[in-house]
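Asks: Here's a structure for you.
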Amino acid sequence: MRKTLGWLLSLVVLIGTMGAAGFTAQAATAAQPAAAADIKDQILGIPGMSLIEEKPYPGYRFFVLNYEQPVDHRQPSKGTFKQRLTLLHKDVSRPTVFFTSGYNVNTNPRRSEPTTIVDGNQVSLEYRFFTPSRPDPANWANLDIWQAASDQHRIFTALKKIYTKNWLATGGSKGGMTATYFERFYPKDMDGVVAYVAPNDVVNNEDSAYDRFFAKVGTKECRDKLNAVQREALVRREPLEAKYAAAAAENGWTFTTVGSLDKAYEAVVLDYVWAFWQYSLLADCAAIPTAATASDQEIWDTVDAISGFSAYADQGLETYTPYYYQAGTQLGSPDIKQPHLDGLSRYGYQPPRNFVPRDIPMTFQPAAMRDVDNWVRKNAHQMLFVYGQNDPWGAEPFHLGYGTRDSYVMVAPGANHGANVAKLLDGEKALATAKILQWAGVAPAAALADAGRAAPLAAPDAQLDQVDLEREPQLRP
């Protein structure tokens, strides 16, 4: 819906008394248009919207906000909670990008790649159940992909009255999944979707694509080097777990949720190879120690740097409880065989159930991802999926079928989980940029005539364009 802001009419009457004769002159100005209400006042005029803070940034207005949402969109009378979001305001005449990370929202000014390309506004939303955007009490049954999409729909509907130009949805990884689910459930809201490195685990128990990925990613030399370090970390379990216990005591880590320090240790080690390819590049393999000659400290340091020994402590898991809950109820999670660890692994890849407190019930819903995958294959319209060639999450990507229109899947060569349009080959980068501009309704005539001339409309900004690559926990089956 579009809403045109009307001009407020003002009439100023000037009355003066002049001269000893008491001559009085009266003049009225002609009606003049007054300035539109300040953008902050317009935003806060939305029912349920409240301001947390405004942070200055040159060329923009940046607001951290709360929006009152139903706990259950199917039964709005069952109560509400406050969901945190941010708004990077450029101008109401510009398009708007709806960004989601799928996790907590960053409360500092940031600009996603599509926002830079279209030189637009950006709304960034915190995913429900990530604190502080969590109902109290929390009924975890209300954490699902439809409820989250409905959060986005309500915010879009409210803000569209102010930001009337085209809207695009975007996000990376779980945020890319979130943007895709939003499009599946509310396909009339957005004018385009740019989903980065979005996993698509359609059949949760069939994960051979990941085994094929790890058998060929990078070079054999690098694969062997990583596997050797991972194996050595389990061979040296006793001395390294002693270091882990000392670190836990120093940092106050506990292991109630996962069950024991031993289970947490192995979970961290089993993440090692996956996490390397997710966040590192092939060139980084040179810095990996040689397992046979490495000291215990060197093995500890490389595993900690890449996997993170705090990840499976209660304190590390707590933030990501909603993530693991969704992995174990709808999203699914990958499994990999890792035959080089045969005889050393005691637990294998542990399921998401092991990373969620036991008082939270979980039941897996296998139809959820099949539904989304089927919808994308048949109905995708003005959707772009971007993946990294060396990113494990790209082993099971979204696919497009015959029913799709003006939609694309592109792969950035050699890229990891930080793949984006800028890392694509020149031809695909130009096409992707042109499509984003076109979907946003701001493509210059030159770009419409020749995609090769398409370029971002906003000037680079080192602070705004920082990439906050989410250090995601590894999803498990």
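Asks: Among the listed residues Asn200, Asn205, identify the single one that is open to solvent by 10 Å² or more (accessible area, probe 1.4 Å), assigned to a loop (DSSP other than H, G, I, E, B) and over 27 Å from Ile43 (Cβ atoms).
Replies: After applying the criteria, what remains is Asn205.
Asks: Tally up the residues in the stretch 208-245 that are assigned to a helix (DSSP H, G or I), open to solvent by less than 60 Å² (accessible area, probe 1.4 Å), more than 18 Å from Arg346 (Cα to Cα) and of a type outside the set (Asp, Glu), please.
Replies: 10
Asks: Another one. On the basis of being farther than 21 Å from Arg377 by Cβ and either open to solvent by 10 Å² or more (accessible area, probe 1.4 Å) or assigned to a loop (DSSP other than H, G, I, E, B) (or both), does Thr115 make the cut?
Replies: Judged against the criteria, Thr115 is not a match.
Asks: So, one more: Name the residues in the stretch 278-306 that are in contact (Cβ under 8 Å) with a residue 60 or more places away in the chain and of a type in the set (Ser, Thr, Tyr), would you?
Replies: Within the stretch 278-306, Tyr279, Ser280, Thr290, Thr302 meet the criteria.
Asks: Tell me yes or no: at least one residue of the stretch 262-282 is among the acidic types (Asp, Glu) and either crowded, with 21+ Cβ neighbours inside 10 Å or at pLDDT below 95 (or both).
Replies: yes
Asks: Under 9 Å by Cβ, and 6 or more places apart or on different chains, what pairs join a residue from the stretch 317-330 that is closer than 17 Å to Pro199 by Cα and of a type in the set (D, E, K, R) with one that is open to solvent by 10 Å² or more (accessible area, probe 1.4 Å) and modelled with pLDDT of 95 or more?
Replies: none
Asks: Let me ask something else about it. When both residues are 6+ apart or on different chains and their Cβ atoms are under 6 Å apart, which pairs have a first residue that lies in the stretch 204-222 and is within 22 Å of Gln365 (Cβ to Cβ), and a second that is hydrophobic (A, V, I, L, M, F, W, C) and open to solvent by less than 20 Å² (accessible area, probe 1.4 Å)?
Replies: Tyr210/Ile336
Asks: Does Arg94 meet the test of being closer than 19 Å to Tyr127 by Cβ, in a loop (DSSP other than H, G, I, E, B) and among the charged types (D, E, K, R)?
Replies: no
Asks: Same structure again: Could you look through the stretch 332-348, keep only residues that are of a type in the set (A, V, I, L, M, F, W, C) and within 15 Å of Ala233 (Cα to Cα), and pick out the one that is surrounded by the most Cβ atoms within 10 Å (Cβ to Cβ)?
Replies: Leu341
Matching residues to (1) in a helix (DSSP H, G or I); (2) open to solvent by 20 Å² or more (accessible area, probe 1.4 Å); (3) of a type in the set (A, V, I, L, M, F, W, C); (4) under 24 Å from Leu317 (Cα atoms):
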{"site": "Val411", "(1), (2), (3), (4)": "no, yes, yes, no"}
{"site": "Gly414", "(1), (2), (3), (4)": "no, yes, no, no"}
{"site": "Lys429", "(1), (2), (3), (4)": "yes, yes, no, no"}
{"site": "Ala432", "(1), (2), (3), (4)": "yes, no, yes, no"}
{"site": "Ile436", "(1), (2), (3), (4)": "yes, no, yes, no"}
{"site": "Ala446", "(1), (2), (3), (4)": "yes, yes, yes, no"}
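Asks: Further question on the same structure: Confirm whether Leu384 is surrounded by 18 or more Cβ atoms within 10 Å (Cβ to Cβ), free of Cβ contacts under 8 Å to residues at least 60 places away in the same chain and not aromatic (Phe, Trp, Tyr).
Replies: no
Asks: Would you pick out the residues in the stretch 120-154 that are touching a Leu at 6+ places or on another chain (Cβ under 8 Å) and acidic (Asp, Glu)?
Replies: Listed by number, the residues that qualify are Glu126, Asp151.
The values are calculated or read from the model by the stated rules, or taken from the named source; none is laboratory data. A quick note: this is a predicted structure, and the numbers were derived from the prediction, not measured. All Cβ positions, glycine included, derive from the backbone under ideal geometry; neighbour counts span all protein chains shown. Areas reflect the complete protein model, heavy atoms only, side chains present, ligands, DNA and RNA absent. Shrake-Rupley method; radii C 1.70, N 1.55, O 1.52, S 1.80 Å.
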